[in-house]
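Asks: Okay, here's the structure, questions in a sec.
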Amino acid sequence: MRKMISIGLAAVMLLSSFGLCFAAEETSASVEEISPRFAAVRDVESNVVITGGNALFYVKVMPKSSTSISYINVTLKLVNSSGTVLKTVTDKVYFSSGYFKLSSNKTVSRGTYHAEYTLKVYKSGSLVETISGKSLSEKY
């Protein structure tokens, strides 16, 4: 009887170790598929801040290094909740104080607003990547 219990217990331990090996193989395969989000940009931050009816909206770009980007052509829009563009600013932005930034402001009435941006990132006169996105909404 003891011999049967020992054999059964050994079989269960052997089968359970195969499951752990299989799980480890699946995890390592998933890690290899991860790729960088952007080529030259480390992070993009965009926001709308409304104070007393004045909406400040901006996009801030942090490069992977201080030399990975020459300049960025930025289009920045302030948009209301119905999708109407209230203001558009476009500018060529250069590296300053550790990042690239474009901001603007607009007087607004009560409502919900967000910023939308398109970034054309250049290095030595060649387009490296184009990034589009939007900020979270801000309610006033």
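Asks: Express the relative contact order of region 65-117 as a whole percentage, based on alpha carbon pairs under 8 Å and six or more residues apart in sequence. Mind showing how you got there, number by number?
Replies: Values: 74 pairs, mean separation 22.5, N = 53.
The value is 42 percent.
Asks: Here is a follow-up. What ³J(HN,Hα) values, in whole Hz, does the Karplus curve 6.51 cos²θ - 1.76 cosθ + 1.60 give for region 75-81 when θ = phi - 60°, with x put for Gly and Pro?
Replies: The phi angles translate into 10, 10, 10, 9, 10, 8, 5 Hz.
Asks: Can you figure out the FRET efficiency of residue 64 with residue 85, using R₀ = 25 Å and their beta-carbon distance, to the nearest 0.05?
Replies: The value I calculate is 0.25.
Asks: With Cβ to Cβ distances under 13 Å as the rule, what net charge do the other residues near residue 90 carry (K, R +1; D, E -1)? Walk me through the numbers on the way to the answer.
Replies: Numbers: positive: 77, 87, 92, 120; negative: 91, 116.
Taking every other residue near residue 90 into account, the sum is +2.
Asks: Would you mind checking the pairs 92/120; 64/134; 92/139; 77/106; 64/120; 60/139 and listing those with alpha carbons more than 18 angstrom apart?
Replies: Working: 92/120 9 Å; 64/134 21 Å; 92/139 29 Å; 77/106 11 Å; 64/120 15 Å; 60/139 21 Å.
Flagged as over cut-off: 64/134; 92/139; 60/139.
Asks: Using the Karplus equation 6.51 cos²θ - 1.76 cosθ + 1.60 (θ = phi - 60°), what ³J(HN,Hα) coupling, rounded to whole Hz, does each residue of region 45-54 give in order, writing x for Gly and Pro?
Replies: Each residue's phi maps through the Karplus curve to give 10, 9, 7, 10, 10, 10, 10, x, x, 9 Hz.
Asks: Would you mind counting up the charge near residue 61? Only other residues with Cβ under 9 Å from its Cβ, with Lys and Arg at +1 and Asp and Glu at -1. Before the final figure, lay out the partial values.
Replies: Values: positive: 42, 60, 101; negative: 43, 45.
Once all neighbours under 9 Å are counted, the net charge is +1.
Asks: Sorted from fewest to most neighbouring beta carbons within 10 Å, what does the list 131, 72 look like? Mind dumping the intermediate values first?
Replies: Details: 131 20, 72 26.
Ordered from fewest to most neighbouring Cβ atoms within 10 Å, 131, 72 come out as 131, 72.
Asks: Lys and Arg at +1, Asp and Glu at -1: add these up for the other residues within a Cβ distance under 12 Å of residue 103 and post the number. Provide the component values of the computation, followed by the final result.
Replies: On the way: positive: 60, 87, 101, 106; negative: 45, 91.
Residues close to residue 103 contribute a combined charge of +2.
Asks: With an 8 Å cut-off on Cα pairs and a minimum separation of 6 or more residues, tell me the relative contact order of region 41-139 in percent. Write down the numbers at each step before the final one.
Replies: Values: 241 pairs, mean separation 31.8, N = 99.
Contact order relative to length: 32 percent.
Each reported figure results from applying straightforward, stated rules to the coordinates on display, with no laboratory input. A quick note: this is a predicted structure, and the numbers were derived from the prediction, not measured. Glycine gets a Cβ as well: all are built from the backbone with ideal geometry, and neighbour counts include every protein chain shown.
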